[in-house]
Amino acid sequence: MGAKSKTGSKGQKEPVRLREKKIANGGISLYLDIYHNGKRSYEFLKLYLVDAKTPIEKEQNRQTLQTALSIKAKRQIEIQNGEYGFTNTFKTDTPFLAYFRKLCEERKASTGNYGNWFSCLKHLEKYCDEKTTFKHVDANFIEGFKDFLNNAAKDQHKRKYNQLDDEVAAKSLSQNSKVSYFNKLRACINQAYDDRILAVNPLRGIEGFKQDETERVYLTFDEVKALAKTPCRYPVLKRAFLFSCLTGIRKSDIEKMTWGEVQTFGEQTRVVFKQKKTKGQEYLDINKQAEEFMGERGEPDKLVFSGFRYNSQTLTELSKWCMKAGITKDVTFHCGRHRKFFSRLNFSALQIRFCRQVTI
């Protein structure tokens, strides 16, 4: 299955050849035989072929061989362009955890995304140590982290001395958490490859976790009415959440919304803003009910929902508020955007009067 020597029209051999070596377990190790500037060197790819007997194993061998051939082609191009040998300047001695922490810190401005990166970091700190460098970050390292996540207890890093009782230990990570943490590792490795820390991207041929299909939690119109009637410890949370229910605007965009983004055209009110998540420009006409939850207009540079910050404390108060309203669903701020009830919602005069009577 290995690549044989080829001779060009002028009798020159390929500078890079893919070779095979049998190993103790009966498999085959793939490596590159590189002849350049009168010197021979070998690059062991840490890619292995198995004695394939099933269609799955044959497909695995096909993908592995394809990965090896891609690396071979890359080396040939480097030699043709006079770039081979530059791989010596790749900084594979870079400490892995320190590099991941740097990427993590760069995301502090994004509260939600930073939380996921930070949680992934804590799991990585248990999986490897400070001596780990990018020399160790290969396919085995990545597959090992996948196995670690499959066996990791939820929020294990938050528990004192890491002493888990049987009940806690049984609470493994959710499938979506595994997806999120693996994607953070993937982003780190891809960035390291772009930064020329890694000569070869070890993610080739490795599949991540599949997203778990979960049922969306949404609020009915009656439940939103119940929330409007129920007092909330933080009035700004109540205003912001009901505003999101009526408009579908994300919490991140509500947090940063200023009065300068709120425009009026006669009796019509429009919010013009750039989405924090997608960076896309949005033009959203809002109804009178939503407008009243914004409160009294302030200066253009002032926040519409001043004091609103979505964090763990806010989430706790949102849950308490929902329980007071008789709602037993696991409600997050994002649920307000799942506006299933809008398909049958008609903003009658009665409903407008209802909202005007609500004390925020």
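One line per residue, one yes/no per condition, for (1) at pLDDT 90 or above; (2) over 29 Å from the mean Cα position of the chain (by Cα); (3) under 30 Å from I142 (Cα atoms):
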| residue | (1), (2), (3) |
| --- | --- |
| Y218 | no, no, no |
| L237 | yes, no, no |
| L246 | no, no, no |
| V262 | yes, yes, no |
| R270 | no, yes, no |
| K276 | no, no, no |
| K279 | no, no, no |
| I286 | no, yes, no |
| S306 | yes, no, no |
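Scan K102, K108, K160, K135 and give me the residue that is at pLDDT below 95 and in contact with a Ser or Thr (Cβ under 6 Å, 6 or more places away or on another chain). Even if it seems obvious, please write down each step before you answer.
Working: K102 fails: in contact with a Ser or Thr (Cβ under 6 Å, 6 or more places away or on another chain); K108 fails: in contact with a Ser or Thr (Cβ under 6 Å, 6 or more places away or on another chain); K160 fails: in contact with a Ser or Thr (Cβ under 6 Å, 6 or more places away or on another chain).
Matching residue, one of K102, K108, K160, K135: K135.
Looking only at segment 40-71, which residues are part of a loop (DSSP other than H, G, I, E, B) and surrounded by 13 or more Cβ atoms within 10 Å (Cβ to Cβ)? Walk me through it before giving the result.
If we filter segment 40-71 for residues that are part of a loop (DSSP other than H, G, I, E, B), which is where we start, we get 50-54.
Once the filter is applied, which keeps residues that are part of a loop (DSSP other than H, G, I, E, B) and surrounded by 13 or more Cβ atoms within 10 Å (Cβ to Cβ), segment 40-71 yields V50, A52.
Would you point out the residue of segment 132-148, among those that are of a type in the set (D, E, K, R) and in a helix (DSSP H, G or I), that is farthest from E207 (Cα to Cα)? Don't jump to the end; show me each part of the working.
Within segment 132-148, the first condition is being of a type in the set (D, E, K, R), and the residues that meet it are 135, 138, 143, 146-147.
Now restrict to residues that are in a helix (DSSP H, G or I): 143, 146-147.
Numbers: E143: 9, K146: 10, D147: 13 Å.
Taking the candidates together, the pick is D147.
Looking at (1) modelled with pLDDT under 85; (2) under 28 Å from the mean Cα position of the chain (by Cα), which one does I254 not meet, given that it meets all the others?
(1)
Could you check, for segment 22-38, whether at least one of its residues is over 20 Å from P202 (Cα atoms), out of contact with any strand residue (DSSP E or B) (no Cβ under 8 Å at 6 or more places or on another chain) and assigned to a strand (DSSP E or B)?
Yes: one or more hits.
The values are calculated or read from the model by the stated rules, or taken from the named source; none is laboratory data. Bear in mind the structure is a predicted one, so any value in this text is a computation, not a measurement. With ideal geometry, Cβ positions are generated from the backbone for all residues, glycine too; neighbour counts draw on all protein chains shown.
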